[in-house]
Amino acid sequence: MAVLVQDHCPGRPPSHLLPFLPFSFAASVGDVDRLRFSSLFRKRPLSCIRLGPLGRDPFSIHSILSFHSPHTMVSKRLMGVWVGLDILLLAAGAVALALSIVWRAPNVLMNMVLSNADLTAGTILGVALLVTFMISVAAIVQRNHVTSGLVILNYALVLDAIGVLIIGTFIWFFTLEERANFYKLWKEATPATRIILQDQLKCCGYFNGTDVVEIGGSFCTSEAFVANLSAEDVNNFCVTPITGFADVTLNNIFTTVNI
């Protein structure tokens, strides 16, 4: 059906409409909603514009826009997808922040695998995801024609993606040379820390029984005990249990972060 579009306020035209007023033209019903975004009507008060079937008295644009607008309601399916993704975003931020705090508790083995810098990066990522969640809520509750919130949300998601990529890449590179990386940490640890790890993991030394071994504690009680450890059992030396624990922990973190 065709409708007639007329301007009923010729006394208040914007400067770019002066040559055209008063004016009228025919448009299809499907074009009516787009009148709000047309450069021809962008600066005109809606009370000035009248619409109506050709050959009949025009009526106010307010009435037709109130029931003929694809922007007045978002589909329930789309909103459901949005809510689901938003819940996942909230969960990701909450988990990242919570684990970054919990893993700061005194734990010699965990503190060796995850440094303060790693946990700080996790805290920043968790806070960033939670902030992005709040931005997403603010963006979706805005009126349909206001898109500034969604634009800000897109930039926030891009920054989150960059952060995830950097953290995930760092973890991945670290796992490529775990044995060498933890050997360095093992040598830098204090003798008391090495004794705690030897007692906890039931091992002596790093690569073998003579490699930076600490005599003492409840497991490596004497040099004779260490010397009698079988070299064929890799679990007798701390490189295997340390890298085994680190491998599981870091791979799980890498997988979780990149999901």
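The values are calculated or read from the model by the stated rules, or taken from the named source; none is laboratory data. What you see is a predicted model; the values in this text were computed from it and never measured. Note: ideal-geometry Cβ built from the backbone for every residue, glycine included; neighbour counts use all protein chains shown.
Values as computed for the structure displayed
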read-out: Residue within segment 122-129 that is crowded, with 16+ Cβ neighbours inside 10 Å, within 27 Å of T240 (Cα to Cα) and in contact (Cβ under 8 Å) with a residue 12 or more places away in the chain present; value: yes
read-out: Among (1) surrounded by fewer than 16 Cβ atoms within 10 Å (Cβ to Cβ); (2) touching a Leu at 6+ places or on another chain (Cβ under 7 Å), the one test that W172 misses; value: (2)
read-out: R194 vs. criteria closer than 30 Å to A92 by Cβ and of a type in the set (K, R); value: no
read-out: Residue tally, condition in a loop (DSSP other than H, G, I, E, B) and either at pLDDT 65 or above or of a type in the set (V, I, T) (or both), over segment 54-96; value: 3
read-out: Within segment 93-124, considering residues that are within 15 Å of E188 (Cβ to Cβ) and β-branched (V, I, T), the one farthest from the chain's Cα centre (by Cα); value: V108
read-out: Any hit, segment 163-186, residues being out of contact with any strand residue (DSSP E or B) (no Cβ under 6 Å at 6 or more places or on another chain) and outside any helix (DSSP H, G or I); value: yes
read-out: Where a residue in segment 180-196 is farther than 16 Å from N208 by Cα and its partner, wherever it lies, is among the charged types (D, E, K, R), with Cβ under 6 Å and at least six apart; value: P191/E214
read-out: Boolean, Y183 is hydroxyl-bearing (S, T, Y) and loosely packed, with under 15 Cβ neighbours inside 10 Å; value: no
